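Colleague: Once you've had a glance at the structure underneath, I'll fire off some questions.
The values are calculated or read from the model by the stated rules, or taken from the named source; none is laboratory data. These numbers come from a predicted model, not from an experiment. Backbone-built Cβ (ideal geometry, glycine too); neighbour counts: all protein chains shown. Note: accessible area is taken over every heavy atom of the protein model, side chains too, but ligands, DNA and RNA are not part of it. Shrake-Rupley method; radii C 1.70, N 1.55, O 1.52, S 1.80 Å.
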Amino acid sequence: MERLTLDATVSKPLSFDLRQTSLRQVNQFLHRELTAGQTVQIAHPDGAHSLAVGLTVPAEVNVEGHVGYYAAGMNQQARVTIRGNAGPGVAENMMSGRVHVTGFASVSAGASAHGGRLIIDGDAGLRCGISLKGADIVVGGSVGSFSAFMAQAGRLVICGDAGDALGDSLYEAVIYIRGEAKSLGADAQFEEMRDRDYEALHELLSEADLTHDPRSFRRIASAKQLYHWNANAQQDY
Amino acid sequence: MCGIVGLLLKTPTLHASLGELMVPMLVGMGDRGPDSAGLAVFTEQLPIGELKYSLYSGRQVCDWAVLLATAQAELSDQATLQDNGNHAILTAQIAPDVFKPWLVQRYPQLHLLSAGRTLDLYKDTGGPAAVAQRYQFETLKGTHLVGHTRMATESAVTPAHAHPFTAGEDFCLVHNGSLSNPHAIRRKLEPQGIHFETDNDTEAACRFLEWRMSQGDDLKTALEKGFEELDGFYTFLMGTANQLALVRDAFACKPALVAETDDYVAIASEFRALAHLPDIDQAQLFEPAPEEIYVWNV
């Protein structure tokens with residue numbers, strides 16, 4: 001396979017067209033050749049799977065179009081912008097960096113992400129932030145059912161509404177919601193907003209270029225009733 | 001895993017290009033379903049009383065000219081036949097309750113894929129590109145269609161187990177997912193005289209919905225009953241003489257995407273199958289919500 005290399009003296013953004021260059025070649029370039037501070041443009045993703053996964057350097061990757069499954073998964077340090085919609089599992093297991101989807105994201109956005117920031121301008125599907133482990137997710141629109149299911153750490157900001165069972169079996173992650181949740185999951189509860197919540201929200205919303213008033217959000221966190229086995233609960237949670 | 005595609009053309013001048021627009025959609029879902037492919041095409045409606053029967057001979061060679069002559073002699077001298085390898089479409093003024101017993105008696109080796117005034121059906125084993133080429137899908141004309149690429153997970157890889165499944169007249173269904181109670185559905189329907197042709201889970205859903213509609217439900221009411229009775233994971237895409245309908249299970253476990261422009265409504269498991277469509281950049285794209293019923297009319 002032809003190996004793509006970069007002339008170190010080139011300062012203009014490097015461009016790939018996925019209708020001309022294979023997905024594997026583009027991903028291999030991003031893994032092997034990408035250097036800190038570099039900007040890469042990727043055109044015509046046409047719903048490709050696993051685009052820009054596993055990046056490890058603080059570079060900028062701009063994808064012009066809709067992507068398929070697992071885009072920007074396992075990201076470390078890179079700033080990935082998807083100007084379009086994302087398929088299932090965008091930024092899945094992200095460790096650090098920033099992933100921005102300007103359209104909507106399908107199911108399991110940011111699943112299991114340990115760190116970094118995922119910004120979705122539109123809606124996110126079901127199970128957004130499932131098993132979240134420390135990343136921050138800001139959704140400009142609404143999220144589907146079972147979002148933040150078993151989320152352990154990190155924050156999920158929902159500017160719109162949520163489906164059923166929001167925050168089911170939460171651990172230490174915190175949810176901020178501006179609209180309505182169809183229902184809260186087991187052990188999730190609304191809690192009083194404190195100064196540190198307003199400060200956190202202000203910072204998260206600013207980063208996502210959203211101008212909502214932090215005071216229009218409510219906080220959801222774990223009631224911690226599931227932390228210990230309760231035989232008297234008769235499995236009724 | 002399986003792939004589903006659907007296309008409904010709003011603009012009549014595009015009807016001649018239905019197959020051409022669809023083939024890249026079906027081929028684009030080849031990774032999701034490499035073992036079989038199928039297609040139901042809804043064409044111009046025949047006059048009342050006339051019906052089209054899609055027939056399939058599998059690996060056996062059928063002398064379609066002899067079948068036509070026999071049908072003309074024994075059923076209707078106006079019968080016509082259009083053959084395409086091991087598929088053929090017989091068109092005649094013959095009621096299903098006359099044609100089906102005749103076919104079983106005279107041609108027990110043939111499989112009746114569909115019956116209706118608008119529906120032609122093709123399905124076979126092999127990847128979608130090979131199946132599309134085998135039956136010249138790119139030449140097909142019509143108003144709307146439902147297609148499927150199969151990766152079998154619960155029953156055998158045979159043409160009969162491939163999708164679309166049909167029941168009754170001018171109704172077909174494709175499925176991405178797996179049902180957990182197809183046998184219970186079957187045990188409910190069989191005592192009512194409903195005959196099953198395979199052990200496939202999707203056939204149970206197809207026959208359940210058609211049974212509800214034969215009992216007087218409209219498609220929407222039948223689907224609402226389906227939400228209560230069909231257990232498992234599913235994205236179902238259905239076609240009737242003048243509609244496409246789409247539903248997903250409560251957990252939306254299986255993907256679906258809809259693209260709508262002034263000219264068409266296109267449905268696929270993934271955007272990959274839609275990326276080639278004209279004006280896709282201007283299309284309104286959305287993911288269907290779980291347990292919502294989406295219906296588009298021709």
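Colleague: Scaled to the compact-protein estimate 2.2 N^0.38 Å, what is the alpha-carbon radius of gyration of region B:74-163, rounded to two decimal places?
Modeller: Numbers: Rg = 14.6 Å, N = 90, 2.2 N^0.38 = 12.2 Å.
Rg over 2.2 N^0.38 Å, computed on Cα atoms: 1.20.
Colleague: What stretch of chain A, leaving out the sites themselves, is the longest with no trypsin sites (Lys or Arg not before Pro) in a DSSP loop having at most 15 other Cβ atoms within 10 Å? Working shown, then result.
Modeller: Working: sites that count: A:Arg3, A:Arg19, A:Lys182, A:Arg194, A:Lys224.
Longest stretch, sites excluded: A:20-181.
Colleague: From largest accessible area down, sort B:His195, B:His175; use a 1.4 Å probe on the protein chains.
Modeller: Greatest to least solvent exposure: B:His195, B:His175.
Colleague: Okay, moving on. Along the charge dipole of the protein assembly as shown, which of B:Gly127, B:Ile293, A:Gly160 sits closest to the positive end, that is, farthest toward it, with unit charges on the beta carbon of Lys, Arg, Asp and Glu (+1, +1, -1, -1)?
Modeller: The residue sitting most towards the positive pole is B:Gly127.
Colleague: Quick one: 3J(HN,Hα) in Hz for region A:75-91, Karplus 6.51/-1.76/1.60 with θ = phi - 60°, rounded, Gly and Pro as x.
Modeller: 4, 10, 6, 5, 9, 10, 10, 10, 8, x, 9, 10, x, x, x, 5, 6
Colleague: Here's something else I'd like to know. 5 Å is the cut-off here: which amide hydrogens, built 1.01 Å from N in the peptide plane, fall below it relative to A:Thr81, excluding neighbours closer than 5 in sequence?
Modeller: It is A:Val61, A:Asn62, A:Val63, A:His100, by chain and number.
Colleague: Using only alpha carbons, build the gyration tensor for region B:1-149 and give me the equivalent ellipsoid semi-axes, biggest first, whole Å.
Modeller: 27, 19, 12
Colleague: Which whole-number percent gives the relative contact order of chain A, counting Cα pairs below 8 Å spaced six or more residues apart?
Modeller: Details: 744 pairs, mean separation 22.0, N = 237.
Relative CO of chain A lands at 9 percent.
Colleague: Still on this structure, I have one more. What are the radius of gyration and Dmax of region A:171-224, computed over its Cα atoms and given in Å?
Modeller: Final numbers for Rg and Dmax: 11.5, 33 Å.
Colleague: If you don't mind, there's one more thing I want to ask. What share of all Cα pairs of region A:78-165, in percent, falls into each consecutive 10 Å distance bin?
Modeller: Values per bin, smallest distances first: 23, 61, 16, 0.
Colleague: For region B:47-169, what is the relative contact order in percent, using Cα pairs closer than 8 Å and at least 6 residues apart in sequence?
Modeller: Once normalised by length, the contact order is 29 percent.
Colleague: Continuing with the same structure: For region B:110-170, compute the orientation-averaged projected area of the C-alpha convex hull (one quarter of its surface), in nm².
Modeller: 4.8 nm²
Colleague: Ok, one more. Under a point spin-label approximation (7 Å from Cα along Cα-to-Cβ), what is the A:Glu33-B:Glu20 distance to one decimal in nm?
Modeller: 3.8 nm
Colleague: OK, next. From Cα pairs below 8 angstrom and at least 6 apart in sequence, can you work out the relative contact order of region A:107-226, rounded to a whole percent?
Modeller: Reported relative contact order: 19 percent.
Colleague: OK, next. Obtain the nm distance between the two label points defined at A:Gln235 and B:His276 by a simple spin-label model: each point lies 7 Å from its Cα along the Cα-to-C-beta direction.
Modeller: 5.1 nm
Colleague: Related question: Cα atoms only: what Rg and Dmax, in Å, come out for the protein assembly as shown?
Modeller: 26.0, 88
Colleague: Given H placed 1.01 Å from N in the peptide plane, which residues other than close sequence neighbours of A:Gly185 have an amide H under 5 Å from its amide H?
Modeller: A:Ala165, A:Leu166, A:Gly167, A:Asp168
Colleague: Please list, ordered by chain and number, the residues whose modelled amide H lies under 5 Å from the amide H of A:Val157; skip anything fewer than 5 residues away on the same chain.
Modeller: Long-range HN contacts for A:Val157: A:Ile137, A:Val138, A:Val139, A:Tyr176.
Colleague: Just to be sure I understand: if you take the accessible area of chain A alone plus chain B alone and subtract the pair, with a 1.4 Å probe, what total do you get in Å², rounded to 100? Write down the numbers at each step before the final one.
Modeller: Details: alone 11170 and 12360 Å², together 22430 Å².
Its buried surface, counting both partners, is about 1100 Å².
Colleague: Over the Cα atoms of chain B, what radius of gyration and what Dmax do you get, in Å?
Modeller: When restricted to the Cα atoms of chain B, Rg and Dmax are 18.0, 54 Å.
Colleague: Can you give me the convex hull volume of the Cα atoms of chain A, divided per residue and expressed in Å³? Don't skip to the end; give the middle numbers.
Modeller: Working: hull volume 27.9 nm³, N = 237.
Value for chain A: 118 Å³ per residue.
Colleague: Considering lysine pairs in chain B that are 8 or more places apart or on different chains, how many have Cα atoms under 26 Å apart?
Modeller: 16
Colleague: On alpha carbon coordinates alone, what is the Rg over Rh value for region A:1-122, Rh being the Kirkwood radius? Please report the intermediate quantities before stating the final value.
Modeller: Details: Rg = 13.1 Å, Rh = 13.8 Å.
We get a ratio of 0.94 for region A:1-122.
Colleague: Distance between Cα centroids, region B:112-180 to region B:218-295: provide it in whole Å.
Modeller: If you average the Cα positions of each part, the centres end up 17 Å apart.
Colleague: Excluding ligands and nucleic acids, what accessible area in Å² is computed for B:Met213 using a 1.4 Å probe, to the nearest 10?
Modeller: 50 Å²
Colleague: In peptide B:267-274, what is the residue-averaged number of other protein chain Cβ atoms found within 10 Å of each Cβ?
Modeller: 5
Colleague: Enumerate the calculated ³J(HN,Hα) couplings along region A:64-72 in order (Karplus 6.51 cos²θ - 1.76 cosθ + 1.60, θ = phi - 60°), each rounded to whole Hz, writing x wherever the residue is Gly or Pro.
Modeller: 9, x, 7, 10, x, 4, 6, 4, 6
Colleague: How big is the gap, in Å, between the Cα center of region B:34-91 and the Cα center of region A:12-77?
Modeller: After rounding, the separation between the Cα centres reads 50 Å.
Colleague: Right, next: Averaged across orientations, what area in nm² does the convex hull of the alpha carbons in region A:122-203 project?
Modeller: If I average the Cα hull's projected area over directions, I get 4.5 nm².
Colleague: With point charges of +1 on the Cβ of Lys and Arg and -1 on the Cβ of Asp and Glu, referenced to the Cα centre of the protein assembly as shown, which listed residue (A:Gly110, B:Thr240, A:Ile120) lies farthest in the positive direction of the dipole?
Modeller: A:Gly110
Colleague: Run the helix sum for chain A: -39,500 (n - 2.57) per DSSP H stretch of 4+ residues, divided by residue count, reported at 222 nm to the nearest 500 deg cm²/dmol. Numbers along the way, then the final one.
Modeller: Values: 2 runs with 23 residues, N = 237.
Helix-only estimate at 222 nm: -3000 deg cm²/dmol.
Colleague: So for the pair B:Arg106, A:Glu172, with labels modelled 7 Å out along Cα→Cβ, what separation do we get in nm?
Modeller: Going by the 7 Å Cα→Cβ label model, 7.7 nm.
Colleague: At a probe size of 1.4 Å, how large is the accessible area of B:Asp201, to the nearest 10 Å²?
Modeller: Solvent-accessible area, nearest 10 Å²: 10 Å².
Colleague: Between B:Gln60 and A:His44, what FRET efficiency comes out of the Förster formula 1/(1 + (r/R0)^6) with R0 = 45 Å and r the beta carbon distance, rounded to 0.05?
Modeller: Values: r = 45 Å, r/R0 = 1.00.
About 0.50, to the nearest 0.05.
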